[in-house]
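J.: Take a look at the following structure, please.
The values are calculated or read from the model by the stated rules, or taken from the named source; none is laboratory data. Just so you know, these numbers come straight off a predicted model, no measurement behind them. Virtual Cβ from ideal backbone geometry, glycine too; neighbours counted across all protein chains shown. Remember, those area values only see protein heavy atoms, side chains included, never the ligands or the DNA or RNA. Shrake-Rupley method; radii C 1.70, N 1.55, O 1.52, S 1.80 Å.
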Amino acid sequence: MQDNKGPNAMKIEMLSTGDEVLQGDIADTNAAWCGQELNELGLSFSRRQTVADNMDDIVDALQQAAERSDWVLVNGGLGPTSDDLSAEAAARLTACELELNQGWLKQLKAWYVAQNTKMPESNIKQAMLPKGAVVVDNPIGTACGFIVEHAGAKLIFTPGVPSEFKRMLKEQWFPQLIAAAPNAQAKVKRFYTFGLSESSLSDRFNDLALPEGVHLGYRSARPSIEVKLFYPREAPQYDQLSQVVRNELADHVFTEDQGNWALHLQQLMIAQGKKLALAESCTGGMLAAELIAVAGSSAYLDRGFVTYSNQAKQQSIGVPLATIEKYGAVSIETSQAMALGALKHSEADIALSVTGIAGPSGGSEDKPVGTVCFTLAEGDKCISQQLLLSNRSRSVVRIMSTAVAMDMLRRYLTGSPVLGEYQHLKRIHSADRIL
């Protein structure tokens, strides 16, 4: 068989096992996470595949992967039940017997003692490893990992539990990869953007001349699109290239290098010594949930009002009935009354309000599903806009509305135009305070 491993590039494959993964009962988040982490190291998978809980199929997949690769990452199948087949498959692949690893058995028993629980007999299976396998420690679970060699490749077997899998790789496998491929590592500069499509981002940089070893990548993760600049660690043009990308993206960049929008807003708000109040209708508390997901949000987030009904808008934050009757609950006028009401009924300096029609029903000819109004208020100043998020599901309307509100706040705090230009989001109206 032809050797396709190549003299320089390290080839890494991943084999995920399990009927539940193959059939879509659970998402393979381990594979996605590992792919991203490898990318950070300047490495990548050459292939990824999933195989059912069938011994012959697993062994066949392992054989083929070993013949093609330098490393094979095998995930899952290390539990104590009859459908956990990875250790036995590794033994068959390497023509070795399974043997009881006394060291791991001792650690297993200690783990159960620490839990004040008797160890089930079935867990002894997790200490049965192919003869000669190198144990990979699992400090937080009962399934150890292990490494065997076959056909010139190293195969590392790992547990499927995400927390165990991630810790094992970070602490024990990634250091081995770095040591084996020190020149593979690259730096990555990240720009998290909002309001631009992936295709338009690509068009913007089509004519950008990049030095050898430098390239751009894109990752869409609603509502943000991440632009990544990869470059060798010693690239002298790094600062200039980063500035070129930064200038091209302009105020569409929400954050750089860390993608947590809520953390960025928290840092901006605290630095400026301001407090925030929220008045939400169609987002139903989603905006508040995003912000409070970051520890320390109480330092700037004063309170949030979920005023879903017209009555709630009147009773909780004092939106005049006349405003709702004249302009409708989904209107710039009502969104401004909501924001000003949130300020009046809180200790906040800034308020954000969102009111809209998330669907799938409730729209009209004048205000179709996807119509959403936003207001940012400070003092008696209001900056408002009405957008149309058409042809989107209820969930996406709410997610995108939350993102627009966060982007308005980010822009306001950084001195950018509060009303950004958003591709695929149609602005119907905008206004300063009109009440």
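J.: Restricting the range 333-359 to residues that are open to solvent by less than 10 Å² (accessible area, probe 1.4 Å) and among the polar types (S, T, N, Q), which is nearest to residue 288 (Cα to Cα)?
T.: 353
J.: Output the residues belonging to the range 17-37 that are closer than 24 Å to residue 175 by Cβ and in contact (Cβ under 8 Å) with a residue 60 or more places away in the chain.
T.: The answer is 29, 30, 33, 34, 37.
J.: Here is a follow-up. Filter the range 231-280 down to residues that are charged (D, E, K, R) and touching a Gly at 6+ places or on another chain (Cβ under 8 Å) and give me whichever is surrounded by the fewest Cβ atoms within 10 Å (Cβ to Cβ).
T.: 251
J.: In the range 148-166, what residues are out of contact with any Pro (no Cβ under 7 Å at 6 or more places or on another chain) and under 22 Å from residue 111 (Cα atoms)?
T.: The answer is 157, 158, 159, 160, 161, 162, 163, 164, 166.
J.: If you don't mind, there's one more thing I want to ask. Yes or no: the range 157-166 includes at least one residue that is within 28 Å of residue 21 (Cα to Cα), touching a helix residue (DSSP H, G or I) at 6+ places or on another chain (Cβ under 8 Å) and of a type in the set (Ser, Thr, Tyr).
T.: yes
J.: Looking at the range 216-231, I want the residues that are in contact (Cβ under 8 Å) with a residue 12 or more places away in the chain and of a type in the set (Val, Ile, Thr) and have a partner that is assigned to a strand (DSSP E or B) and open to solvent by 30 Å² or more (accessible area, probe 1.4 Å) with Cβ atoms under 8 Å, at least 6 apart or on another chain. Which pairs are those?
T.: Filtered contacts from the range 216-231: 225/218; 225/219; 227/190; 227/216; 227/218.
J.: Against the conditions (1) open to solvent by less than 60 Å² (accessible area, probe 1.4 Å); (2) under 29 Å from the mean Cα position of the chain (by Cα); (3) within 22 Å of residue 65 (Cβ to Cβ), where does residue 166 fall short? Just the number, please.
T.: Condition (1) is where residue 166 drops out.
J.: Follow-up. If you take the residues in the range 32-50 that are of a type in the set (A, V, I, L, M, F, W, C) and touching a helix residue (DSSP H, G or I) at 6+ places or on another chain (Cβ under 9 Å), which one is nearest to residue 187 (Cα to Cα)?
T.: Taking the candidates together, the pick is 41.
J.: Assess whether residue 292 counts as being within 20 Å of residue 223 (Cβ to Cβ) and at pLDDT 95 or above.
T.: yes
J.: Being at pLDDT below 95 and small (Gly, Ala, Ser): is that true of residue 153 here?
T.: Considered against the rule, which asks whether it is at pLDDT below 95 and small (Gly, Ala, Ser), residue 153 comes out as no.
J.: Go through the range 31-69 and give me each residue that's assigned to a loop (DSSP other than H, G, I, E, B) and more than 15 Å from residue 86 (Cα to Cα).
T.: Once the filter is applied, which keeps residues that are assigned to a loop (DSSP other than H, G, I, E, B) and more than 15 Å from residue 86 (Cα to Cα), the range 31-69 yields 41, 42, 43, 44, 69.
Here's the yes/no breakdown for (1) at pLDDT 95 or above; (2) farther than 23 Å from residue 268 by Cα; (3) of a type in the set (A, V, I, L, M, F, W, C):
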{"site": "386", "(1), (2), (3)": "yes, yes, no"}
{"site": "401", "(1), (2), (3)": "yes, no, no"}
{"site": "404", "(1), (2), (3)": "yes, no, yes"}
{"site": "417", "(1), (2), (3)": "yes, no, no"}
{"site": "431", "(1), (2), (3)": "no, yes, yes"}
{"site": "435", "(1), (2), (3)": "no, yes, yes"}
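J.: Out of the residues in the range 92-148 that are part of a helix (DSSP H, G or I) and within 20 Å of residue 72 (Cβ to Cβ), which is nearest to the chain's Cα centre (by Cα)?
T.: 93
Conditions (1) open to solvent by 40 Å² or more (accessible area, probe 1.4 Å); (2) of a type in the set (Phe, Trp, Tyr); (3) under 19 Å from residue 10 (Cβ atoms), marked per residue:
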{"site": "119", "(1), (2), (3)": "no, no, no"}
{"site": "127", "(1), (2), (3)": "no, no, no"}
{"site": "144", "(1), (2), (3)": "no, no, no"}
{"site": "177", "(1), (2), (3)": "no, no, yes"}
{"site": "181", "(1), (2), (3)": "no, no, yes"}
{"site": "191", "(1), (2), (3)": "no, yes, no"}
{"site": "219", "(1), (2), (3)": "yes, no, no"}
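J.: Sort out which residues of the range 73-83 are in a loop (DSSP other than H, G, I, E, B) and open to solvent by less than 30 Å² (accessible area, probe 1.4 Å), and write them in order of number.
T.: 76, 77, 78, 79
J.: Next question. Does the range 370-397 hold any residues that are within 21 Å of residue 195 (Cβ to Cβ) and open to solvent by 20 Å² or more (accessible area, probe 1.4 Å), and which are they?
T.: 383, 388, 390, 391, 392, 393, 395, 396
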